[in-house]
Amino acid sequence: MNKPLTINIPKGFSRWDSAEILKTEEDARLYLEACFEEDPGDGSLIRRALGVVARARGMTELAKKTGLAREGLYRALSEDGNPEFSTIAKVCTALGVKLAAVPAH
């Protein structure tokens, strides 16, 4: 696995977090749709997008809804996470995301 790029952030700036711009359900839906479409086929972008939406809505609340530990959710939905499908299914249900089989383009 490639080593993450380390960037020194100048004083007065902070690391950008896409969770901060997901203010509405529509924002989250459009973000997830785009990530599902752009995923390279290994689920990595989908997993990270679910993590972003989870952080935007509140990881503690998601942990309560799924019955999973908050720390475990952070790990599972991180860049290096490798969650079981049951975890993804619980997260999707708690976020109100429905997985459906549709024909590929």
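Remarks
- The set of residues in segment 19-54 that are part of a loop (DSSP other than H, G, I, E, B) and of a type in the set (Val, Ile, Thr) contains only Thr24.
- Test: residue in segment 43-50 that is among the hydrophobic types (A, V, I, L, M, F, W, C) and farther than 16 Å from Ser18 by Cα: no
- Restricting the first member to segment 66-83 and to residues that are closer than 23 Å to Gly96 by Cβ, and the second to residues that are modelled with pLDDT under 95 and outside any helix (DSSP H, G or I), the beta-carbon pairs closer than 6 Å and six or more apart or on different chains are Arg75/Gly81; Ala76/Pro83.
- Selection of first residues in segment 39-63 that are more than 12 Å from Leu73 (Cβ to Cβ) and free of Cβ contacts under 8 Å to residues at least 60 places away in the same chain and of second residues that are of a type in the set (D, E, K, R) and outside any helix (DSSP H, G or I), restricted to Cβ pairs under 7 Å at least 6 apart or on distinct chains, gives the following pairs, ordered by first then second residue: Leu45/Asp39; Ile46/Asp39; Arg48/Glu79.
- Looking across segment 55-105, the residues that are within 23 Å of Asp27 (Cα to Cα) and assigned to a loop (DSSP other than H, G, I, E, B) come down to Gly58, Leu77, Ser78, Glu79, Gly96, Val97, Lys98, Leu99, Ala100, Ala101, Val102.
- Taken over segment 86-96, the residue count meeting the criterion of being within 17 Å of Leu32 (Cβ to Cβ) and either of a type in the set (Val, Ile, Thr) or surrounded by fewer than 15 Cβ atoms within 10 Å (Cβ to Cβ) (or both) is 6.
The values are calculated or read from the model by the stated rules, or taken from the named source; none is laboratory data. Because the structure is predicted, anything quoted here is derived from the model rather than measured. Note: ideal-geometry Cβ built from the backbone for every residue, glycine included; neighbour counts use all protein chains shown.
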